[in-house]
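All remarks here apply to the structure that follows.
The values are calculated or read from the model by the stated rules, or taken from the named source; none is laboratory data. Predicted model, so just to flag it, every value in this text is computed and none were measured. Note: ideal-geometry Cβ built from the backbone for every residue, glycine included; neighbour counts use all protein chains shown.
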Amino acid sequence: MTSDPLGWPGYRAQLDRARERSGGATESVSWERHASAVRITFDFRFLGGSVGTAAGALIEEAFTEARSARLPVVSRIATGGSRMQEGMLSLRQLQRVARLCALHREAGLPHVSVLGDPTTGGLWASLGAGADYVVAVAGAQVGFAGSRVRPADDPAYTAEGQFAAGTVDVVVPPADVDATVAAVLDLLTRGDAVPAEVPRALGAADLPATGWDAVRRARAPERPRARAYLDAHFDHRVPVSGDRAGGVDPGMLCGIGLRAGRAVAFAAQTGTATTPAGFRTAARLVRLAERFALPVLTLVDTPGAANDAAAERAGVGAAIAELFATVARARVPITTLVIGEGGSGGALALSSPEHTWITPDAYFSVIAPELAAAILKRSDVRELADDLRLRPQDLVELGVVRGIAEPASER
């Protein structure tokens with residue numbers, strides 16, 4: 001039963017009216033244990049879904065039950081934030097919630113949040129954004145600042161705006177929420193830490209005659225790209241989007257896919273220069289895979305890391321370093337297939353140190369031949385491509401890759 005710790009004028013009458021509006025609910029939060037998950041549900045009709053001490057206690061009950069039963073938590077949020085009538089005792093519930101999320105994560109259990117309309121204030125910044133996977137309802141108000149304390153009609157405070165800023169994994173219409181959550185939980189609970197299968201090569205089957213031939217083939221517009229490989233390799237997949245630091249790189253496709261009943265996390269470059277947000281999203285993907293014993297598949301295809309002024313301001317060097325370190329210390333197997341251009345450190349950062357393969361129409365090089373020629377002050381770019389030993393067969397001989405992927409036609 002909700003108490004009145006501050007003796008707030010009229011609070012008890014407000015609680016009575018909230019119970020009437022919500023059809024007899026005793027608080028803004030309720031929870032139920034199901035076979036697949038413990039579900040926490042907010043009721044915005046009850047004082048705007050705000051959280052005070054009693055609501056915090058209910059959230060703690062839910063997480064405690066989930067840890068005891070080894071079940072995921074699904075938080076379906078619709079809230080205006082902390083409850084003013086309980087003052088700092090209400091605000092301190094954010095620390096309580098953050099601790100519960102951390103304990104759940106340490107236990108290796110998934111937490112999926114669903115951001116309803118609205119999801120604002122401290123509960124977005126703790127229960128919502130603190131989940132392993134964040135689903136937002138299309139059109140919902142989502143943001144740290146609520147509608148009464150921020151500029152009106154700014155798209156930044158929407159589900160779509162948060163997706164663009166890299167803080168939401170997927171935005172779905174209300175009718176698709178349940179199916180999306182079920183698909184995510186199914187994949188997150190299938191981890192077996194067995195190395196991912198190397199995809200078959202979808203393009204050319206023959207090997208290039210020269211280094212420049214290898215470069216030309218990798219850059220050919222008709223060469224199969226990451227989406228084609230993901231479509232061919234997985235039966236089903238869900239996206240993992242955003243670096244949780246304000247950025248999204250559409251040229252880095254991350255997610256979890258299902259192949260022959262096994263769940264595999266993937267990070268795939270699409271042929272563009274990878275931005276800091278792309279490297280950070282890939283690092284986040286690997287850390288997520290670690291928590292749930294998911295093997296990782298990476299597809300390398302980039303001319304290199306983005307090197308413009310915007311990338312430098314966004315910390316491209318630090319982002320690459322973070323991904324190198326995350327891959328190096330990963331506690332799950334990482335399998336890599338170079339499917340196109342393997343340009344310098346921007347490609348190597350996404351590559352497994354020991355389990356990297358390459359397709360016949362790809363190359364891997366310390367730097368693009370043209371840039372190498374500029375640095376070395378040589379005009380013979382084609383000859384330099386041979387000197388770099390960047391063809392698939394060269395890389396096998398050098399021990400840089402383990403082998404050349406078999407063509408799909410040999411299935």
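When each of R227, R217, R190 is tested for being of a type in the set (K, R) and outside any helix (DSSP H, G or I), the lone residue that passes is R190. Could you say whether any residue in the stretch 289-298 is modelled with pLDDT of 95 or more, touching a Gly at 6+ places or on another chain (Cβ under 9 Å) and over 22 Å from V240 (Cα atoms)? No, the stretch 289-298 contains no residue that is modelled with pLDDT of 95 or more, touching a Gly at 6+ places or on another chain (Cβ under 9 Å) and over 22 Å from V240 (Cα atoms).
Within the stretch 51-81, if we keep just the residues that are touching a residue at least 60 places away in the same chain (Cβ under 8 Å) and part of a loop (DSSP other than H, G, I, E, B), the residue that is nearest to R92 (Cα to Cα) turns out to be G81. Filtering the stretch 82-109 to residues that are among the aliphatic types (A, V, I, L, M) and either over 20 Å from D186 (Cβ atoms) or touching a residue at least 60 places away in the same chain (Cβ under 8 Å) (or both) leaves M84, M88, L89, L91, L94, V97, A98, L100, A102, L103. Of all residues in the stretch 171-198 being buried (at least 17 other Cβ atoms within 10 Å of the Cβ) and more than 19 Å from D235 (Cα to Cα), which is nearest to the chain's Cα centre (by Cα)? Looking at residues that are buried (at least 17 other Cβ atoms within 10 Å of the Cβ) and more than 19 Å from D235 (Cα to Cα), I get V171. Within the set V248, V286, V240, the sole residue that is of a type in the set (A, V, I, L, M), under 13 Å from the mean Cα position of the chain (by Cα) and surrounded by fewer than 22 Cβ atoms within 10 Å (Cβ to Cβ) turns out to be V248. Could you count how many residues in the stretch 2-37 are within 15 Å of S50 (Cα to Cα), among the hydrophobic types (A, V, I, L, M, F, W, C) and either touching a Ser or Thr at 6+ places or on another chain (Cβ under 7 Å) or modelled with pLDDT of 95 or more (or both)? Summing the residues that are within 15 Å of S50 (Cα to Cα), among the hydrophobic types (A, V, I, L, M, F, W, C) and either touching a Ser or Thr at 6+ places or on another chain (Cβ under 7 Å) or modelled with pLDDT of 95 or more (or both) in the stretch 2-37 gives 2. Tell me yes or no: at least one residue of the stretch 27-50 is in a strand (DSSP E or B), assigned by TED's automatic domain parsing to the domain that holds H111, basic (K, R) and over 18 Å from P118 (Cα atoms). Yes: the stretch 27-50 contains one or more residues that are in a strand (DSSP E or B), assigned by TED's automatic domain parsing to the domain that holds H111, basic (K, R) and over 18 Å from P118 (Cα atoms). Applying the set (1) touching a helix residue (DSSP H, G or I) at 6+ places or on another chain (Cβ under 7 Å); (2) touching a residue at least 24 places away in the same chain (Cβ under 8 Å) to G161 leaves exactly one unmet item: (2).
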